[in-house]
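Report on the following structure.
The values are calculated or read from the model by the stated rules, or taken from the named source; none is laboratory data. This is a predicted model, so every value here is computed, not measured. Positions of Cβ are generated from backbone atoms using ideal geometry, with glycine treated the same way; all protein chains shown enter the neighbour counts.
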Amino acid sequence: MSLICEKIVKTYSGKEVLHDVSLELKESRIYGLIGRNGAGKTTLLSILTAQNPTTSGTVSLDGQPVWENRRSLARLCFSRELNANAESGLAAMKAKEYLRIASTYYEDWDKEMEQKLVKLFDLNVKKKMGKMSKGMLSMITIIVALCSKAPYTFLDEPVAGLDVVAREQFYKLLLEEYAASGRTFVISTHIIEEAADILEEVIILHDGKVILEGDTQTFVDSACYVSGKAEEVDAATAGLETHHPETIGRSKGVTVFLKPGQQVDETRDVSVQPVSLQRAFVALCGEEEAK
């Protein structure tokens with residue numbers, strides 16, 4: 001079973017926000033969807049889960065369309081950031097009522113897990129959602145995602161507002177559920193470093209286009225940071241794919257992405273250091289700020 005989107009285009013008010021996006025999300029994977037603000041991440045997730053129609057292109061699960069298809073929808077969960085301000089219809093709703101309504105959408109909802117997580121997060125479910133902090137609302141989205149038991153579960157900024165202890169709890173719970181169920185999870189987050197170790201696959205969305213999709217470790221291992229005197233760095237990286245140059249006086253640093261068989265010329269007087277997923281992402285998508 002796999003979730004496939006082909007040539008997805010989405011336009012709002014004449015502006016194209018997703019451009020010819022094609023992806024295959026396989027079962028039993030943890031994917032990370034990362035991109036800058038406005039890249040189109042939430043729009044893409046809402047389309048993949050049939051909460052938003054495409055302008056053109058198709059989305060299918062196990063060969064069946066997801067749009068207005070009850071069988072496909074039953075296997076999908078999109079748990080997104082909750083807006084419970086005064087103008088929102090959620091503001092006056094108690095958390096327990098929200099969870100009760102959510103449970104009716106998923107035939108495999110795990111009530112026992114719900115009770116366990118409510119206790120673990122010390123969540124007051126009798127409290128109105130409009131009175132809850134951002135962190136508490138994030139706890140609710142996490143409970144919905146995990147308890148839905150949906151084979152394909154998408155989480156949009158699940159740790160927003162959570163303190164470091166709660167974030168660690170979330171990642172532990174996610175890995176435990178993944179190991180026990182083999183569900184596919186797609187996580188969109190700006191806190192890349194914390195999530196990096198659990199993301200098996202990474203999808204980078206930039207300006208509405210997928211610019212990278214693949215194994216996270218392979219991607220990170222292909223990158224390195226080369227620094228030294230500018231002329232030495234230029235000589236050591238000649239002919240290689242370089243990004244995000246940083247120059248201070250006569251010194252220079254640059255992130256290099258190596259293709260199979262390529263290497264930095266370390267006979268030059270340069271320092272070559274490994275990079276993190278976050279730094280590799282910034283190198284690909286942050287050049288506008290570096291110039």
* T267 farther than 22 Å from Q217 by Cβ and loosely packed, with under 11 Cβ neighbours inside 10 Å -> yes
* Among (1) in contact with a strand residue (DSSP E or B) (Cβ under 9 Å, 6 or more places away or on another chain); (2) of a type in the set (D, E); (3) farther than 25 Å from E24 by Cβ, which single condition is D265 missing? -> (1)
* To do: Check T58, T43 and return the single one that is outside any loop (DSSP other than H, G, I, E, B), out of contact with any Phe, Trp or Tyr (no Cβ under 7 Å at 6 or more places or on another chain), over 24 Å from S28 (Cβ atoms) and modelled with pLDDT of 95 or more.
  => T43
* To do: Could you tell me whether any residue of the stretch 80-98 is surrounded by fewer than 13 Cβ atoms within 10 Å (Cβ to Cβ) and more than 28 Å from H190 (Cβ to Cβ)?
  => no
* Out of the stretch 77-132, which residues are in a strand (DSSP E or B) and under 26 Å from L33 (Cβ atoms)? -> C77, F78, S79
